[in-house]
Amino acid sequence: MSQDQSECQQLLLSEEADLLDLEARYCSWGDTVHYAGKLNIFIAAEGNCLYDRNGTEYFDLQMWYSAASFGYKNNRLNNALKRQIDTLPQLACQYLHEEKIQLAAKLAQGIEKSFGIKGRVHFNVGGSAAVEDSLKIVRNHSGKNPVFAFMGSYHGRTLGASAITSSYRYREKFGHFGDRACFVPYPYCFRCHYEQKKEDCDLYCLRQFEKLFETEYHAVLNTKTDKCEFGAFYIEAMQGTCGYIYPPANYFRGLKKILDRYNILMVDDEIQMGFFRTGKFWAIEHFKVVPDIITFGKALSNGLNPLSGIWAKEELICPEVFPPGSTHSTFSSNPLGTAVGLETMKLIEESDFATQIPQKGAYFAERLQGLQKRYPQIGDVDGLGLAIRVEICQKDGYTPDKKLTDAVTNIGLNGDLTAGGKKRGLILDVGGYYKNVFTIAPSFYITYKEIDLAVDLFEEALQKGIELLK
Ligand SMILES: Cc1ncc(COP(=O)(O)O)c(C=O)c1O
């Protein structure tokens, strides 16, 4: 390094220290930034990568929790945004614009084609807001506030969404949640809540749920009237925040049968897994079940202007039952979001994600399973499409190892891995019930060569983490 370069680096470091000092004093710490041991400031993004102030490249294996699934700075989607900025950048949501109508139609027609059922779409901003709207639809239809949700569920952090999100940590400081969901164990077969073995359990967990309806004393059903106290069951077809887990093939079909018997709606939260993350447009399509309501967000606008929404069956959302003014937010169907969303839908129609994503996902998972053979600390590798879980454990391959998971994450954030022949960082997201699962969600455009590089970087970070904790 020349003297000039070294001086330049010193200046950057002191500027970064000043910024971090301002952040520490003036930014709320109430978000998730301070989960990480190492704080990074990024200044650019492109394709699979983020860049820090030194120009160091970080290979991103989480893509804004799947909000940027179509790659950073995706030209086509960015151009849709730029076009809209130059034509109709702003419009109060009480007036119509073309992109909103076309996008709603595309989403509803797609669902009609896949599930054979008619419905309508209502837009909002951010996943939690969409979840709030879905709760209104449920209450309006059923007249009931209580719902079922899964242990390990994540539906957002507004008050309504927190009430149906399993972690008490998110509610603890914020008063009494009268509408707190009844949380039911998710079929997390690697660590079965009921300590069963997947091979011969015969969906024991589903039978435990069904048992709740056997007598009024199990607290969910008046067996004399056959009326259930719960209006809906919120599901994630693949649990996102709790570690990219999905149930055995027949589970959701069995669950839906029980729900239908007692007029309980199934609300399918696709905010993280929708738009092909799992290799199908909606993750629930893997399980051959038709939900009553779908919530979506994140990848629809590739992390550009946020847009979320719900789709609901016609009978739940038709104007006769959900009339004008039932829900509203100033930015709900903002034209910048709908323009990108519409372009995303066209891009999906013109791509072959249904073939490419499962193939790339299988290759990625295979490469990681190769590592698993050499590192007993990798307890489980599994996935659907490009949503892949890597569960980090102690040497027994089972006891969760959060310490090692955190060490590997921070080593990635340090930006000095060398696999691939240059100094790089690695961005990993951590999820799971024990916060020991890397939830891997790369850009859909990742190439096979880049998958190899990502696996090499991951192995280097893992090795360094193991070394560090020895
Ligand atoms: C399944 C699921 N639902 C809801 C949400 C909440 O969305 P948002 O963070 O946009 O409010 C998330 C966010 O991660 C999610 O993964």
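The values are calculated or read from the model by the stated rules, or taken from the named source; none is laboratory data. It should be emphasised that the depicted structure is a prediction, and the values quoted were computed from it without experimental measurement. Methodologically, a virtual Cβ is constructed for each residue, glycine included, from the backbone with ideal geometry; neighbour enumeration extends over all protein chains shown.
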Problem set entry | Which numbered condition E57 fails, given (1) surrounded by 14 or more Cβ atoms within 10 Å (Cβ to Cβ); (2) over 22 Å from T418 (Cα atoms) | (2)
Exercise. Does the stretch 275-286 include one or more residues that are within 15 Å of the ligand (Cβ to nearest atom), in contact (Cβ under 8 Å) with a residue 40 or more places away in the chain and not in a loop (DSSP other than H, G, I, E, B)?
Worked result: yes
Exercise. Out of Y217, Y194, which single residue is free of Cβ contacts under 8 Å to residues at least 60 places away in the same chain and either part of a loop (DSSP other than H, G, I, E, B) or of a type in the set (D, E, K, R) (or both)?
Worked result: Y194
Problem set entry | Top-ranked residue in the stretch 213-250 [being touching an Asp or Glu at 6+ places or on another chain (Cβ under 7 Å) and over 19 Å from S153 (Cβ atoms); ranked as nearest to the ligand (Cβ to nearest atom)] | N222
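Among the residues of the stretch 288-325, count how many are of a type outside the set (A, V, I, L, M), outside any strand (DSSP E or B), more than 16 Å from the ligand (Cβ to nearest atom) and surrounded by fewer than 24 Cβ atoms within 10 Å (Cβ to Cβ).
Restricting attention to the stretch 288-325, the residues satisfying the condition of being of a type outside the set (A, V, I, L, M) are 288, 291-292, 295-298, 301-303, 305-306, 308-309, 311, 313-315, 318-320, 322-325.
Next, only the ones that are outside any strand (DSSP E or B) stay: 288, 291-292, 297-298, 301-303, 305-306, 314-315, 318-320, 322-325.
Now restrict to residues that are more than 16 Å from the ligand (Cβ to nearest atom): 288, 292, 314-315, 318-320, 322-325.
Now narrow it down to the ones that are surrounded by fewer than 24 Cβ atoms within 10 Å (Cβ to Cβ): 288, 314-315, 318-320, 322-325.
Here the count works out to 10.
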Seminar exercise, completed: Reported set for the stretch 29-67 where residues are at pLDDT below 95 and within 16 Å of the ligand (Cβ to nearest atom) is G30, D31, T32, V33, Y35
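Inside the stretch 72-191, counting only helices (runs of 4 or more DSSP H) that do not spill past its ends, which hold 2 or more residues that are more than 20 Å from the chain's Cα centre (by Cα) and more than 16 Å from the ligand (Cβ to nearest atom)? Before you say what the answer is, go through the steps one by one.
Values: elements: 75-87, 98-115, 127-142, 159-163.
Fully inside the stretch 72-191 and qualifying: 75-87, 98-115, 127-142.
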